[in-house]
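Down below is the structure, laid out as structure tokens.
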There are 2 protein chains.
Amino acid sequence: MARATGCNLETIRYYEKIGIMPDPPRSTKGYRSYDDAHVKRLKFVMRSRDLGFSLEEVRGLLGLVDDRSRTCAEVQIIAEDHLTDVQAKIADLQRIERVLSDTVARCTGDAAPECAVIDALLDA
Amino acid sequence: MARATGCNLETIRYYEKIGIMPDPPRSTKGYRSYDDAHVKRLKFVMRSRDLGFSLEEVRGLLGLVDDRSRTCAEVQIIAEDHLTDVQAKIADLQRIERVLSDTVARCTGDAAPECAVIDALLDA
DNA sequence: TCTAGGGTCTGTAGTTGATACAGGCTCAAG
DNA sequence: CTTGAGCCTGTATCAACTACAGACCCTAGA
């Protein structure tokens, strides 16, 4: 399954340990055997993680996948909360980017021991 | 010093343990006593962390503060590397934001068990 | 003088999301 | 029959803290 999905082997076992992935059936020698449903679930997890959902959020989303009697409204809440988080992080990073690029621009970059970046950090 | 800087008490001791902050002199009963230089250094660390520098990067910056014979060019390298990282993170998050907001927009948000977000994660 | 409350001290464990072994078993090819 | 690869479990490690436990210490009020 690691090869099929590109997911790290240890990560799959980690997901199993924390209950994100189910315990798969084992061969007589104890080897895990996975089927298409496992692969599909893992891909779901990977895509969710790639979109920045935390494992707890993924757990919530999986609960909604597993129990299709639950509603779109529940999913919407999780996704919108996450979207808000992402937007806040973007705003934060953009602020940082502004400060950094302003300061770096004032850097002469020469061999002198005076530096605009250090000064900004010392005196801001 | 925690009160003076707004830094968590445990965090200050953590910085001391890992060598970001120097071991302060102690009273006879073993209480730490800090002076203005400590406060200034801690504020430097806090501002650097706030700008997203890792503790290792902060350590590098502090080295340049401590040894003013070193150059502006060295600082510029650290700061520009970090700026590149920040810009990459912003781009990543903006991609995520696009996908998320597109998907959430297709969410009906009603009581039905069908959900555009789940479908996107399942079938993408 | 006693006591209650807050502060400080050290040291250790927990957090998130993995990743990296160590040490052992199994399996297929040459 | 060996060699190399793969799998198994379990534990340790990473960043950057945070949260205790259990022990002191210090000051203010009764």
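Each reported figure results from applying straightforward, stated rules to the coordinates on display, with no laboratory input. Values in this document were obtained by computation on a predicted structure and should not be read as measured data. Note that each Cβ is placed from the backbone with ideal geometry, even for glycine, and that neighbours are counted across all protein chains shown.
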Legend entry - nm² value of the averaged projected area, convex hull over the Cα atoms of the protein assembly as shown: 19.9 nm²
Legend entry - Where trypsin sites (Lys or Arg not before Pro) fall in DSSP loop in region A:2-87, at most 10 other Cβ within 10 Å: A:LYS29
Legend entry - chain B - Cys residues lacking any other Cys C-beta under 4.7 Å: B:CYS7, B:CYS107
Legend entry - Scattering profile of region A:51-124 at q = 0.14, 0.24, 0.26 Å⁻¹ [log10 I(q)/I(0), Debye over alpha-carbon scatterers]: -0.62, -1.04, -1.12
Inset, instruction - Starting at the first residue of region B:12-19, write each ³J(HN,Hα) from the Karplus equation 6.51 cos²θ - 1.76 cosθ + 1.60 with θ = phi - 60°, in whole Hz, x for Gly and Pro. - result: 4, 5, 4, 4, 5, 4, 8, x
Inset, instruction - For B:TYR14, place a label point 7 Å out from Cα along the Cα→Cβ vector, do the same in each other copy, and report the separations in nm, one decimal, smallest first. - result: 1.9
Legend entry - Copy-to-copy label separations for A:GLY109, where each label sits 7 Å from Cα toward Cβ, in nm and ascending: 4.9
Inset, instruction - Go through region B:73-81 residue by residue and turn each phi into a ³J(HN,Hα) via Karplus (6.51, -1.76, 1.60, θ = phi - 60°); whole Hz please, and just put x for glycine and proline. - result: 4, 5, 5, 4, 4, 4, 5, 5, 4
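Given N residues in chain A, what is its alpha carbon radius of gyration divided by 2.2 N^0.38 Å?
Rg over 2.2 N^0.38 Å, computed on Cα atoms: 1.66.
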Legend entry - Long pairs among A:LYS17/A:LYS40; A:LYS40/A:LYS89; B:LYS17/B:LYS43; A:LYS89/B:LYS43, criterion Cα-Cα beyond 25 Å: A:LYS40/A:LYS89
Legend entry - Coarse-grained scattering of region A:1-70 at q = 0.18 Å⁻¹, given as base-10 log I(q)/I(0) from a Debye sum over alpha-carbon atoms: -0.69
Legend entry - Across the identical copies, how the A:TYR31 labels are spaced - nm, sorted shortest first, 7 Å along Cα→Cβ: 6.7
